[in-house]
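Just so you know, all these numbers are worked out from the coordinates, no wet-lab data involved. Remember, it's a predicted structure, so these values are computed and weren't measured experimentally. Heads up, the Cβs are rebuilt from the backbone with ideal geometry, glycines too, and the neighbour counts pull from every protein chain shown.
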Amino acid sequence: MTSSADARIGRRCVLGLAASASIIPGLAQAGSGGSEAPLRFGLTPVFLTSDLELLARLQLYLEHRTGLPVILVTRRTYQEITTLLTSGQLDAAWICGYPFVAHRAELRLVAVPLWRAAPLYQSYVIVDRDRTTRDFADLRGDIHACSDPDSNSGFLSTIALLARQGMRPDGFFARSFFTYGHRNVIRAVASGLASSGSVDGYVYEVVAELEPALTARTRVLHRSEWLGFPPIAAPRVPVDERRLSSLTKALLEMNGVPEGQAVLRLLRLDGFAAGEPALFDTIAANVALVAQAG
């Protein structure tokens, strides 16, 4: 149960966020004041960006721990954030394993979230709760919802699954479409807009906890192998080495201080670890498989 102190903090965070332009794309130049160059941290739709309290607490935590003004930059698609990152317009970003692998020569790994004590997650294929399908092969002819064309769990993993069986998505599904958000994939399947969908397993489990009435209308038909959790990445040549070092330290120490623990509770994560690029080798293999399949 949330304490009254936490509730007061949460209300203050949300009010502060509403008054700040620093988190609103297009007004990101506002910053947090002062002459210090701000730390610009990007967030893709893999992140649970609909929670204002979470975003506000994250911004405040990073500002307190780095001593820098922090701008959280959000965009609708993975590609937009990846482009900002690789072009040096962001100090770092929470991206997906697919763009990290695709741009490995241009990026460095900063940290990897720990979910259920490991830097791993799965892609889920979900269907309507009452559907009698038993396995993935039964989805032939479906209208299938995907998250984003640059999403590992919301697209690549399913396309790789088909490629391993010698199939292409346009020859297996009747139609597929992108929702540009993992929650939206769940909504599409739950409402009947899609017959099935590919979704981030971490997001699905968090939504199941926060919005059980939504996920209750669906069930998980297929789980992928374990994959490297969506990482925090930075340009290989940092925009500013000192700012990046401060951010890295703040992330790795998040589970050791109360304000960081509050952010992690909202994220349903255990913390952040340094991680190794090899965590994403399975995703890289799927990228190669799909490219070979054409």
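Loop sites by DSSP among the GluC sites (Glu not before Pro) of the chain, restricted to those with at most 14 other Cβ atoms within 10 angstrom, leave 37-224 as the longest stretch without any of them.
At an R0 of 51 angstrom, the distance between the Cβ atoms of residue 289 and residue 36 translates into a FRET efficiency of 0.65.
On the principal axes of its alpha-carbon atoms, the chain has extents of 57, 45, 35 Å, going from largest to smallest.
Could you give the semi-axes, largest first, of the ellipsoid that matches the stretch 54-120, computed as the square roots of 5 times the alpha carbon gyration tensor eigenvalues and rounded to whole Å? Values for the stretch 54-120, descending: 21, 17, 12 Å.
Applying 1/(1 + (r/R0)^6) with R0 = 25 Å to the Cβ-Cβ distance of residue 193 and residue 51 gives a FRET efficiency near 0.60.
Considering only beta bridges that DSSP places wholly inside the chain, some 60 percent are antiparallel. Length available on full extension from residue 268 to residue 137: 0.36 nm per residue minus the Cα-Cα distance, which gives 43.9 nm. Across every direction, the projection of the convex hull enclosing the Cα atoms of the stretch 77-179 has a mean area of 8.3 nm². Seen from residue 112, the other residues with C-beta closer than 12 Å to its C-beta sum to a net charge of -2, counting Lys and Arg as +1 and Asp and Glu as -1. Full extension of the chain segment joining residue 259 with residue 64 gains 69.3 nm, where the gain is 0.36 nm per residue of separation less the Cα-Cα distance.
Multiplying the residue separation of residue 105 and residue 165 by 0.36 nm and removing their Cα-Cα distance gives an extension gain of 18.6 nm. For the stretch 191-275, rounded, prolate or oblate, judged on the Cα gyration tensor with a ≥ b ≥ c (square roots of eigenvalues), a/c < 1.5 rounded, else prolate if a/b > b/c? Cα axes put the stretch 191-275 in the prolate bin. Take 140-150, 194-204 and order them by the average number of nearby Cβ atoms within 10 Å per residue, most first; the result is 194-204, 140-150. Overall form of the stretch 153-294: oblate. Here a/c, set by the Cα gyration tensor axes a ≥ b ≥ c, is 1.5 or more, and a/b is not larger than b/c.
Rounded to whole Å, the principal axis extents of the Cα atoms in the stretch 121-227 read 38, 28, 23, largest first.
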